[in-house]
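The structure appears right after this line, and notes come after that.
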Amino acid sequence: MQLIDWIVVAAYFCLLVGIVWWSSRRQRNPQDYFLAGREIGWFVVGCSLLASNIGSEHIVGLAGSGANQGMAMAHWELHAWVMIILAWVFVPFYYRSGVFTMPEFLERRFDARARWMLSIVSLVAYVFTKVSVTVYAGAIVFQTLLPDTFGTPQNAFWIGAITTVVLTGIYTILGGLRAVVYTEVAQTGLLLTGSLFVTIFGLSQLGGWGELKITLSDQADQFALWRPLSDPDFPWLGVLIASPVIGIWYWCTDQYIVQRTLAARNLQQARRGALFGGFLKVLPVFLFLVPGMIGFALHDKGLIEIPLDPNTGELRGDSVFPAMVATLLPEGLRGIVVAGLMSALMSSLASLFNSCATLFTMDIYKKLRPNRPDKELVTVGRLATSVVVVLGLLWIFVMPWVSQGGLYVYLQSVQGYLAPPITAVFLLGLFFKRINSRGAILGLSIGFFLGMFKLVVQALVGGEIIADAGFFGWLGNYLFLYYSGLLFFVSVIIVIVGSLTSPAQDEKSIEGLTWGSVNQQHRDESRAAWDWRDIAGTAVVLGLVVGVYVYFSFWLN
C-alpha cells in the first residue's frame, strides 16, 4: 500500500462519514431507523440487496472456491432467478402486510409462537455464522495486504478485524437502515469496479480468456460447472436439490435480505428493486469466481505465488484474491480494490447489525413491553446493535476454527442446515391455507434441531473428537447437499402432518396472507404495481442466467 492507495481509502471513509451524518439527522421514529422511512427507490434497493449479499467472506471465499473447485459454487451465484420469485411472489405479500420483520409476518400468518421461534433462530444463526465468517474474511484481507504495517501479519489480522467491526457498528448505530442502504450504493459501485480491475489485470497477465481455458482444460473435471454423482463434494444431483432450498430461504425469507425491499416507498419500487438486484447478482460469477480460477492459472504458470494449505497441498483458497490484489494491481488501483474489500466487509456487517437490531427490538422487546414510545424503541435498537458488535468481537477468537475447509463452502453448508425448515414453512404457509400454526411450530422446531444436530456432529467428527466409524461418523461425513434436501423433505412432511392433525385456522385471520385468500382488491393493487418494464426486466435476468448456464456447461469441452 502506497500513499495514493491510502488517499483513496481515506476518501472512501470521508464519504461514509458524510452519509452517516446526513442519515443520523433523520431518525424520528422506528420506521425511520429500521426501514429508512419506507422511502427508498428501486435503484437503491437493488444495490443494497447486492451489497448486503456480497461481503468480504463472499469475495475472499468465492475466489478461493473458484481456485480450488472451479465453477462448482456458481450455482449459488446464479440465484438471480430466485430473486425473480422474491419480486413476483413474496414481495407483494410482505409489502401488503406492512410488517417490519419476517417473524412478524409469520405471526400474522400463524401465531405469536411462530414469531418467537423464527426470531430466536435468526438471531442465533446471524451471530454464529454471518458475523464470524464475515469478520474473519476481512481480517484475512488485512493480514495479506498489510502484513508489515502493524508489525506482524498476525497483528494486522487482529487490528483489521477489530477496527472494521467497531467502525461499522458506530455508523450502523448512528445512521440506522438509511445510512446502511445509502452507503451500500457507493459500496456497490466501488466493489464492482475494484473486482473488475482484478479480473482485467489477471487476464492480461495470463494472456487472455483463451489462455485461461487452455490452462484449466488440463484439469477440466476440477473446474467444471456440473460434476458427476461420484464427486465427493458437489455432485450435480445434490446441487440441484440443495441450491434452490438455500436460495429461497436466503433471498425470499431472510430478514437480512428482505428488509431492503420492505424499505421501498411502494410495491412497485420494491419489486423493481428485487429485479435490479437479480440483474446485479449475475455479476459475481465473473468478478469473484472467475478471478479465483485466474489466480489458479497464474500460480500454475509461476506468474504469481499463492501459499499452499499444508494439510491438503491445494492453494490456500482464502488467500487467492488478496494475493492477486497485492501482486497484480498498480498503485491507486490497489487502493480502490482495498477500499472495495473494506466496503464489502462493512456493508455486510452493517446489514447484519441493523437486521439483528430490528429483530430484537420489534420481535422480542416490543412483544415483552408493548406500547413503548418510539424514541425508546430506537434507543433499544441502538443498544441491540452494540451488543451484536460486542459478540462479533468475541467471535474473532474462534474464527480460525470457522475457516477450516474454506469460508464459502463452510457458509453454504451451515446455511444448508438452517434453511430447509424455514423454506418449508414459508412456502407451504403462502400456498396452502390449510397449513396452520401447529404445523409451522413443529416444522421450525424439529427442523432446527435436526439441522443443528448435524452441524454439531459434523464439527466433532471434523475435529476428530468423534471417530469416523459408526453412525455419528457417517452422519458427520454425510454430504451437506443431500442432508439439506432430506431435511427439507422431512420438514415439509412434519408441517403437513402437524397441520392436518389439528383444526384449520379461521380464514378471516389469514385473508390476504395466502395465495388462495387474496381477494380481488389485492389482485387489483398488485396488477397496478407492474407494467411492461417489469416483464422486460424479468426476461433480461432469466436470459442472463440461462446464458451463463449454457456457456459454462460446455466451456472446457
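Observations on the model:
- Yes/no for Thr193 being farther than 21 Å from Tyr551 by Cβ and not aromatic (Phe, Trp, Tyr): yes
- Residue match in the stretch 502-512 (condition: among the hydroxyl-bearing types (Ser, Thr, Tyr) and not in a helix (DSSP H, G or I)): yes
- Qualifying residue in the stretch 250-267 (condition: without any contact (Cβ under 8 Å) to a residue 24 or more places away in the chain, assigned to a loop (DSSP other than H, G, I, E, B) and surrounded by fewer than 22 Cβ atoms within 10 Å (Cβ to Cβ)): no
- Note on the stretch 1-56: enclosed helices (runs of 4 or more DSSP H) holding 1 or more residues that are modelled with pLDDT of 75 or more and surrounded by fewer than 15 Cβ atoms within 10 Å (Cβ to Cβ) are 3-24, 42-53.
- Out of Ser526, Ser499, one residue alone is out of contact with any Ser or Thr (no Cβ under 6 Å at 6 or more places or on another chain), small (Gly, Ala, Ser) and not assigned by TED's automatic domain parsing to the domain that holds Ile85. It is Ser499.
- Selected residue [of a type in the set (D, E, K, R), modelled with pLDDT of 75 or more, touching a Pro at 6+ places or on another chain (Cβ under 9 Å) and assigned by TED's automatic domain parsing to the domain that holds Leu352] from Lys366, Lys375: Lys366
- Residue within the stretch 518-537 that is among the aromatic types (Phe, Trp, Tyr) and more than 18 Å from Val425 (Cβ to Cβ) present: yes
- Residue match in the stretch 541-554 (condition: more than 25 Å from Phe276 (Cα to Cα), within 26 Å of the chain's Cα centre (by Cα) and hydrophobic (A, V, I, L, M, F, W, C)): no
- Scanning the stretch 467-480 for residues that are buried (at least 17 other Cβ atoms within 10 Å of the Cβ) and either of a type in the set (Asp, Glu) or in contact with a Ser or Thr (Cβ under 8 Å, 6 or more places away or on another chain) (or both) yields a single hit, Phe480.
- Residue in the stretch 323-374 that is surrounded by the most Cβ atoms within 10 Å (Cβ to Cβ), counting only those that are part of a helix (DSSP H, G or I) and without any contact (Cβ under 8 Å) to a residue 12 or more places away in the chain: Lys366
- Per-region count, the stretch 272-322, residues under 27 Å from the mean Cα position of the chain (by Cα) and outside any loop (DSSP other than H, G, I, E, B): 30
- Tabulated pairs, the stretch 458-478, first assigned to a helix (DSSP H, G or I), second at pLDDT below 80, C-beta under 6 angstrom, 6+ apart or interchain: Leu460/Ile466; Phe472/Ile466; Gly473/Val461; Gly473/Ala467; Gly476/Val461
- Any chance Leu513 is touching a helix residue (DSSP H, G or I) at 6+ places or on another chain (Cβ under 7 Å) and over 22 Å from Ser119 (Cβ atoms): no
- Scanning the stretch 513-557 for residues being over 21 Å from Ala80 (Cα atoms) and charged (D, E, K, R) gives a total of 4.
- The residues in the stretch 228-247 that are touching a residue at least 12 places away in the same chain (Cβ under 8 Å) and part of a loop (DSSP other than H, G, I, E, B) can be counted, and the count is 4.
- Residue check, Leu123 touching a Phe, Trp or Tyr at 6+ places or on another chain (Cβ under 9 Å) and either among the hydroxyl-bearing types (Ser, Thr, Tyr) or more than 28 Å from Ser386 (Cα to Cα) (or both): no
- Residue check for Leu450: over 21 Å from Ser413 (Cβ atoms) and part of a helix (DSSP H, G or I): no
The values are calculated or read from the model by the stated rules, or taken from the named source; none is laboratory data. Since we're looking at a predicted model, the values are computed, not measured. Positions of Cβ are backbone-derived with ideal geometry, glycine not excepted, and every protein chain shown enters the neighbour counts.
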